[in-house]
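Comments concern the structure below.
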Amino acid sequence: MSLKYEKGEPAEWRDGIENLQLEVRQAPGSGNNRTYDIVGPCPRCKHQLRKNIDYIVGPALALSSLEELVVRVVCNCTSAHEGAPEGTSGCGAEGAIKLEYT
Amino acid sequence: MSDSIEPKENPPQLKLHYTVLTPEQRDADIWAEEILRERLPRTRQLAQNWQAIISAITALLGAGTLISADDVIRALDPPGWAVLYGVLTGLALISAAGSILLASLAGQASWPVIPPGARERLALRETLIIRTRRLLKWSQLLAGIALILLICSFAVRWYAPEKPATKVSPTVVTIPISLQSAGRIKLQ
């Protein structure tokens, strides 16, 4: 049985983001164009989520201001969750992640 | 507790950490994502607005220029100036027409074949956005060129030498006046 839809930051978020990873892909023949995704199991429902952050990393790379980026990640798993509003995907869990340039 | 993960690939080296957003930051993020999601229709809307503006300006300036073009060309004396004026005006109107056409293409909703895969769909959407933006930029560039050409044509119109005006000498009519009729003629 799938978890009920619940919007907001769940208690498991802080520990759960340990299992999220930054996936960097480079399409063949695309030069230096990379795509950046945060992927992994949702800290709440454990289903796979994916957040594309090209629009954050790309401009930051161009402006060389990568020291600290903050992104809001919302669960967008494709599993059905009871009570989810029409047209939405995910279990409603969301939280912030800081991307730190090393 | 370690709340950071090494990325799989090298550049750029980013670690993920837990953090908290203020309500204002969260609202701003939702707003930004909304804009990103609506990029294509927003860009098309922008193109349509631009097309309306450039069409109105072209109609206003173009019609005035064309209507008076015959008189202007006839008045310019060395024929070279007349040719230059004609070429500048013609190019300005062609550029303006091109600008309107490109803006119209940018503002049109296309009817692409939607691929089945999510990745291909994303690629298609990005391609459409890039195409729309490119058309809009070219349209704006052509509008700029049209404006410069039009200003140059006005400069020719105002400052190029004109044919000297034909002198009209007053006609002198000599009426013989006999002594008998002198009393009956009324000079007006």
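Read the figures in this text as sums done on the coordinates, not as results from a lab. On a predicted model such as this, the values are computed, not experimentally measured, just so you know. Cβ: placed from backbone, ideal geometry, glycine included. Neighbour counts: every protein chain shown.
The figures follow:
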item	result
Qualifying residue in segment B:138-148 (condition: among the hydrophobic types (A, V, I, L, M, F, W, C) and touching a residue at least 60 places away in the same chain (Cβ under 8 Å))	yes
Neighbours by Cβ (under 6 Å, 6+ apart or cross-chain): first from segment B:100-116, over 16 Å from B:Ile130 (Cα atoms); second among the charged types (D, E, K, R)	B:Pro115/B:Arg121
